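See below for the structure under consideration.
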Amino acid sequence: MTGDHYFTAEPTTPARPREVEFSVAGRDYTLTSAAGVFSADRLDPGTAVLLRKAELPTAGTTGPLLDVGCGFGPITCVLATSAPSATVWAVDVNERARELTAANAARVGVADRVRVAAPDDVPADLSLAQIWSNPPIHIGKAELHELLLRWLPRLAPDGVAWLVVARHLGGDSLHRWLIEQGWQVERHASQKGYRVLRVTR
Ligand SMILES: C[S@@+](CC[C@H](N)C(=O)[O-])C[C@H]1O[C@@H](n2cnc3c(N)ncnc32)[C@H](O)[C@@H]1O
């Protein structure tokens with residue numbers, strides 16, 4: 001065992017690659033995952049609720065889209081597949097997660113429209129049509145707030161952010177906090193203890 005967390009920048013745990021299979025909107029995905037990234041053995045149930053309940057982008061969505069905390073890339077791969085005209089930025093602090101997301105984008109056939117980046121490498125002037133995130137709650141409340149305050153202001157005026165947070169991990173208090181920060185927040189769906197929040201200006 002090592003002291004790695006899933007949000008460790010450079011996991012030292014042996015990768016031990018494995019496959020994760022799931023279906024979203026009638027399409028089957030088989031992605032490569034590995035030790036040292038979030039929910040390495042299955043599609044996280046919160047991510048599954050997000051991808052089932054939120055309004056996926058469509059052929060008419062031009063983007064750019066952003067997946068904050070992409071992990072091994074399930075949200076990024078679904079977004080890029082659902083919106084074939086859009087560029088998807090996939091951001092994570094974990095280098096192994098970024099490598100897996102890039103490999104999975106290639107595996108799904110969307111690598112030409114997926115930009116995998118460390119947070120500081122996203123162009124500052126990017127105006128985002130949509131932000132998607134199963135955010136890293138375990139980094140702590142102050143850090144989570146900082147993360148959201150970093151990315152949400154990059155939404156285009158008519159942009160929308162979709163977030164999923166477990167109720168027992170503070171989904172409802174995050175909802176209230178976002179409203180206090182001046183965002184419009186709708187609890188779009190609630191399933192299996194997860195809140196799907198739709199955030200707009
Ligand atoms: C809850 S996981 C979700 C992973 C993936 N989107 C999924 O659904 O399986 C959150 C991710 O955020 C990443 N993360 C942690 N701190 C971050 C930060 N400051 N900026 C970007 N990503 C971060 C973690 O490494 C982790 O991969």
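Name the residue from Ala166, Leu100, Trp132 whose Cα lies farthest towards the positive end of the charge dipole of the range 86-201, charges +1 on Cβ of Lys and Arg and -1 on Cβ of Asp and Glu.
Ala166
Tell me, what ³J(HN,Hα) does each residue in the range 57-63 have, in order and in whole Hz, if you take phi through Karplus 6.51 cos²θ - 1.76 cosθ + 1.60 with θ = phi - 60° and put x for Gly and Pro?
x, 10, 4, x, 7, 9, x
Report, by chain and number, residues whose modeled amide H sits under 5 Å from the one on Arg115, excluding near sequence neighbours (fewer than 5 apart, same chain).
Hits under the 5 Å cutoff: Val88, Trp89, Ala90.
So what's the projected area for the chain, the Cα convex hull averaged over all directions, in nm²?
Result: a mean projected hull area of 10.5 nm².
What's log10 of I(q)/I(0) for the range 45-110 at q = 0.11, 0.28 Å⁻¹, Debye sum over Cα points only, no solvent?
Once normalised to I(0) and log-transformed, intensities are -0.22, -1.28.
What ranking of Ile137, Ile75 emerges when the number of other C-beta atoms within 10 Å of each C-beta is taken as an exposure proxy, fewest first?
Ordered from fewest to most neighbouring Cβ atoms within 10 Å, Ile137, Ile75 come out as Ile137, Ile75.
Where a ≥ b ≥ c are the square roots of the eigenvalues of the C-alpha gyration tensor, would you call the range 76-194 rounded, which needs a/c under 1.5, or, failing that, prolate if a/b is larger than b/c, or oblate?
prolate
If I take R0 = 41 Å and measure r between the Cβ atoms of Ser173 and Asp112 in this structure, what FRET efficiency does the formula 1/(1 + (r/R0)^6) give, to the nearest 0.05?
Efficiency, from the Cβ-Cβ distance: 0.55.
Charges at C-beta only: +1 for Lys and Arg, -1 for Asp and Glu. How large is the resulting dipole of the range 17-115 about its Cα centre, in Debye rounded to 20?
Using Cβ point charges on Lys, Arg, Asp and Glu, the range 17-115 gives about 100 debye.
In debye, nearest 20, what is the charge dipole magnitude of the range 90-201 about its Cα centre with +1 on Lys and Arg Cβ and -1 on Asp and Glu Cβ, if you could check?
The dipole magnitude comes to about 460 debye.
Translational diffusion coefficient of the range 125-201 at 4 °C, 1.567 mPa s, Stokes-Einstein with Kirkwood Rh over Cα pairs, in µm²/s as a whole number.
On the way: Rh = 12.5 Å.
The Stokes-Einstein estimate is 104 µm²/s.
Let me spell out the model: positive unit charges on the Cβ of Lys and Arg, negative unit charges on the Cβ of Asp and Glu, origin at the Cα centre of the range 1-41. What dipole size does that give, in debye rounded to 20?
With only Lys, Arg, Asp and Glu charged at Cβ, the dipole is about 20 debye.
So for the pair Thr12, Arg150, with labels modelled 7 Å out along Cα→Cβ, what separation do we get in nm?
For Thr12 paired with Arg150, the spin-label model returns 2.4 nm.
Restricting to the range 90-201, compute how many DSSP beta bridges are antiparallel as a %, nearest 5. All intermediate terms of the calculation are to be shown ahead of the outcome.
Details: 13 of 20 bridges.
The antiparallel proportion sits near 65 percent.
Read the figures in this text as sums done on the coordinates, not as results from a lab. Treat the numbers as computed from the prediction; the structure is a model and nothing was measured. With ideal geometry, Cβ positions are generated from the backbone for all residues, glycine too; neighbour counts draw on all protein chains shown.
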